[in-house]
Amino acid sequence: MTTLVHLSDPTNPSAFPDDLAGGAISIGNFDGVHLGHQALLQELAGLAQQVDGPAVAVTFDPHPASILRPESAPTPLSTMATRAERMSDLRISALVVCHTSREFLAQSAENFFERLVVQGFRARGMVEGENFFFGKDREGDLPLLNRLCDQNRVAFKVANAFRQGEAMVSSSLIRRHLLAGEIDPVSRLYGNGRLHRISGVVSEGEKRGRTIGFPTANLHHVEVLLPRPGVYAARAITEDGDSHAAAVHLGNNPTFAATSEAARSDKVEVHLIDFQGDLYGQRLSVDFIDHVRNAEKFASAEDLRRQLRKDIDQCRTIVTNH
């Protein structure tokens, strides 16, 4: 099991856990832990074994771009907990989440390396991808990193970019597929049968679904990227670990009057098929399996009700056969 560790002050070497010292590290975002990340992390685990120490993945929260360029900061694909969970099969000892601050980002490349790699983790090995940069204004590149590792007797490896067909596997590619509502390519890029997962707290909505016979759990505080608006077949997982086939509607409700709630573009409504119970206040996770249809406006509530029956039957079949 990969341990999730939060470092509130990564500029202070004494704050680093001793049991994570003396191994191999890799610094990156690891958002989604897709096939490219998995290939790099497998190399990290192998190098950690060579140096006889822990394999440690290191990332940052909040994302540096949200501090330096908030208007262009990417919405994450996965929570830190999901990233750690997905690293567990890859022999990664810990995912260390460093709290990002302007002070931290203002360090020169040399200071960053000295504080984090040498003094903090006392690393004896390091694996990075081809596009790795570090330090203020991304001034540190692979040649500099190679030189610093050599000077400090840190074994260093560069992991080659991972391709699936003609495309380089990346978090950006997964985001493009999600925003187009293309779920199957996303699952292939995650690999190992993994699905795009969101989670949120079930809160009260307008209860329109209940009035037309299809009650929904309305998710709030969803932290990761949503696929494009539409209806999706999914698997919903409750806090107690029970899994249910689900039909998920993302986006606003154009059939109804445009109240502030109905007009929300980030609405997440989850109908747990054949489920009876109260989920208010619980955290619900949703794994997307397939896109069923785009969002559309219906002439009446009865037309919508007929379509929802079809959606639910289709979603039940998709989830059962998945």
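Placing +1 on the Cβ of every Lys and Arg and -1 on the Cβ of every Asp and Glu, with nothing else charged, gives the chain a dipole about its Cα centre of roughly 540 debye. Contact order for the chain, expressed relative to its length and based on alpha carbon pairs under 8 Å spaced 6+ residues apart, stands at 17 percent. In the calculated pair-distance distribution of the chain, the portion above 27 angstrom amounts to 49 percent of the Cα-Cα pairs.
With helices as the sole contributors, the chain gives -8000 deg cm²/dmol at 222 nm; each DSSP H run of n ≥ 4 counts as -39500 (n - 2.57), and the sum is divided by every residue. In the complete set of protein chains, residue-level accessible area for residue 6 is approximately 120 Å², probe 1.4 angstrom. Residues 18, 242, ordered by accessible area of protein heavy atoms at a 1.4 angstrom probe radius and largest first, appear as 18, 242. Accessible area ranking (1.4 Å probe, heavy atoms, ligands and nucleic acids excluded), largest first, for 136, 267: 136, 267.
Taking every protein chain into account, the 1.4 Å probe leaves residue 91 with about 150 Å² of accessible area, to the nearest ten. Expected output is a single nm value to one decimal: the length gained when fully extending between residue 67 and residue 243, i.e. 0.36 nm times separation in residues minus the C-alpha distance. What is it? Difference between extended and current length: 59.6 nm. If R0 is taken as 41 Å, the Cβ-Cβ distance between residue 144 and residue 166 corresponds to a FRET efficiency of 0.85.
Ranking of 80, 126 by solvent-accessible surface, largest first: 80, 126 (1.4 Å probe, protein heavy atoms only, all chains present). Normalised by the number of residues in the stretch 1-157, the average gap of Cα pairs under 8 Å and 6 or more apart makes the relative contact order 34 percent.
Note on residue 152 and residue 303: their simple-model spin labels are 6.5 nm apart, each label 7 Å out from Cα toward Cβ. Electrostatic tally near residue 158: other residues with Cβ closer than 12 Å to its Cβ, Lys and Arg +1, Asp and Glu -1, net -3.
The values are calculated or read from the model by the stated rules, or taken from the named source; none is laboratory data. Just so you know, these numbers come straight off a predicted model, no measurement behind them. Cβ sites come from the backbone with ideal geometry, for glycine too, and all protein chains shown count toward neighbours. In case anyone asks, the SASA skips ligands and DNA or RNA and just uses the protein heavy atoms, side chains included. Shrake-Rupley method; radii C 1.70, N 1.55, O 1.52, S 1.80 Å.
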